[in-house]
Structures are given as structure tokens and as C-alpha cells.
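The values are calculated or read from the model by the stated rules, or taken from the named source; none is laboratory data. Quantities reported herein were computed from a predicted structural model and do not represent experimental measurements. We place every Cβ from the backbone using ideal geometry, glycine too, and count neighbours over all the protein chains shown.
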Amino acid sequence: MKKIVLLLLFFVGALVACSDRKAAAIGENLYFERGCASCHARDDSYSVAPSWKGLYGSEVRLNDGSSVTADEAYLLESILVPTAKIVEGYAPGSMPPNGLTQAEAKQLVEYIKTLR
Ligand code: HEC
């Protein structure tokens, strides 16, 4: 029984890994479930934190005066280690730690990529 469950989990995991679209859909759920939605808008309607609209691939100015391209690596790092790089105009630590796994962070990144 345990083996079957594990096999099933592996199968589901493999399916998810194979499909960016599926990952993005899971990412959208995480966006609400993990509270990202209370600070990050998907449009310009509120601005507690930077909006996710058009974020992927954009040039982000940081508080140390440098700028980075918001590619997958940057987004992943920003989610997993919120204090690693701080967006210009925001105080360090204004994004709380979230305890997401690497896989969940990737799903959120896939979701952010769909927000053009
Ligand atoms: C309490 C408000 C708050 C919550 C909740 C929050 N964030 Fe943030 N987030 C911020 C702020 C403020 C910044 C900008 C400052 C910084 O860079 O740390 C930010 C920055 C980011 C960035 C970099 C954005 C950019 O424009 O470069 C990403 C990606 C991000 N957050 C993802 C998430 C995810 C995913 C969640 C949910 C698990 C989340 N955040 C939850 C406040 C929040």
C-alpha cells in the first residue's frame, strides 16, 4: 500500500514537473493560500509591494543602486530568501519569510511568468 502511494506521489510529481502550465496553475493557488495576494497585486490596483504584472523579464532597480533582470533565478531567490535583494523604495525585511519549498517557489515563478 505504502509503495503504491509513493509511486502515485512520484507519478503526480513527475506530471507536475513536466508541465509549466500546470505548475503555473498551482502557483496561482499558492499566491492566494500563502498570502502573497495580500501584498502583491497582479495589476496596478494596490502597491504594498511591487506588482507582479509584467515583472518577469523586466529590469528591477534595487536599493543599492544596481539593477537586475527579473529572470527565473532572481524571482526564485527573491521568494526563497526575501532579504537577498531589496527592490528600490522598500525597506529590507518588509517581505516576511514564507517557508515555501523550492518546488513551491518554482510554481510561483511559473505563475508570475504568465502575468504579462
Ligand atoms: C507583507 C507583505 C508581503 C507578502 C505577504 C509577500 N511579499 Fe513579496 N515582497 C514584499 C515587498 C515589500 C517586496 C519588495 C521589497 C523586497 O525586495 O524585499 C517584495 C518582493 C518580492 C519579490 C521581488 C519583486 C520584484 O519586483 O523584484 C518577489 C518575487 C516576491 N516578493 C514574491 C512573493 C511571494 C511568492 C509571496 C508569497 C509567498 C510574497 N512575496 C509575499 C512584500 C510581501
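Of all residues in region 64-116, how many are in contact with a Phe, Trp or Tyr (Cβ under 7 Å, 6 or more places away or on another chain) and either more than 16 Å from A49 (Cα to Cα) or touching a residue at least 40 places away in the same chain (Cβ under 8 Å) (or both)?
Residues that pass the stated criteria total 6.
For V16, are the conditions met, namely being modelled with pLDDT under 95, in contact with a helix residue (DSSP H, G or I) (Cβ under 9 Å, 6 or more places away or on another chain) and within 13 Å of the ligand (Cβ to nearest atom)?
Values: modelled with pLDDT under 95: yes; in contact with a helix residue (DSSP H, G or I) (Cβ under 9 Å, 6 or more places away or on another chain): yes; within 13 Å of the ligand (Cβ to nearest atom): no.
It is false that V16 is modelled with pLDDT under 95, in contact with a helix residue (DSSP H, G or I) (Cβ under 9 Å, 6 or more places away or on another chain) and within 13 Å of the ligand (Cβ to nearest atom).
Only one residue in S51, S47 is surrounded by 11 or more Cβ atoms within 10 Å (Cβ to Cβ), within 18 Å of T114 (Cβ to Cβ), out of contact with any Ser or Thr (no Cβ under 7 Å at 6 or more places or on another chain) and of a type in the set (G, A, S). Which one?
On the way: S47 fails: within 18 Å of T114 (Cβ to Cβ).
Testing whether each residue is surrounded by 11 or more Cβ atoms within 10 Å (Cβ to Cβ), within 18 Å of T114 (Cβ to Cβ), out of contact with any Ser or Thr (no Cβ under 7 Å at 6 or more places or on another chain) and of a type in the set (G, A, S) leaves just S51.
Can you spot a residue in region 95-108 that is touching a strand residue (DSSP E or B) at 6+ places or on another chain (Cβ under 9 Å), surrounded by fewer than 14 Cβ atoms within 10 Å (Cβ to Cβ) and assigned to a loop (DSSP other than H, G, I, E, B)?
no
What number of residues in region 34-92 are within 8 Å of the ligand (Cβ to nearest atom), farther than 17 Å from A24 by Cβ and among the charged types (D, E, K, R)?
1
Determine which member of the set E88, E104 is among the acidic types (D, E), over 28 Å from K22 (Cβ atoms) and in contact with a Gly (Cβ under 9 Å, 6 or more places away or on another chain). I'd like the intermediate steps shown before the answer.
On the way: E104 fails: over 28 Å from K22 (Cβ atoms).
Every option except E88 fails the conditions.
Which pairs have Cβ atoms under 9 Å, sit 6 or more apart or on different chains, and link a residue in region 5-22 that is surrounded by 11 or more Cβ atoms within 10 Å (Cβ to Cβ) to one that is of a type in the set (A, V, I, L, M, F, W, C) and at pLDDT below 65?
Pairs found: K22/L15; K22/V16.
Determine the pairs where a residue that is closer than 17 Å to A91 by Cα, located within region 38-53, has a partner that is of a type in the set (V, I, T) with Cβ atoms under 6 Å apart, the partner being 6 or more residues away or on another chain.
Short answer, once both residue conditions are applied: C39/V48; P50/V87.
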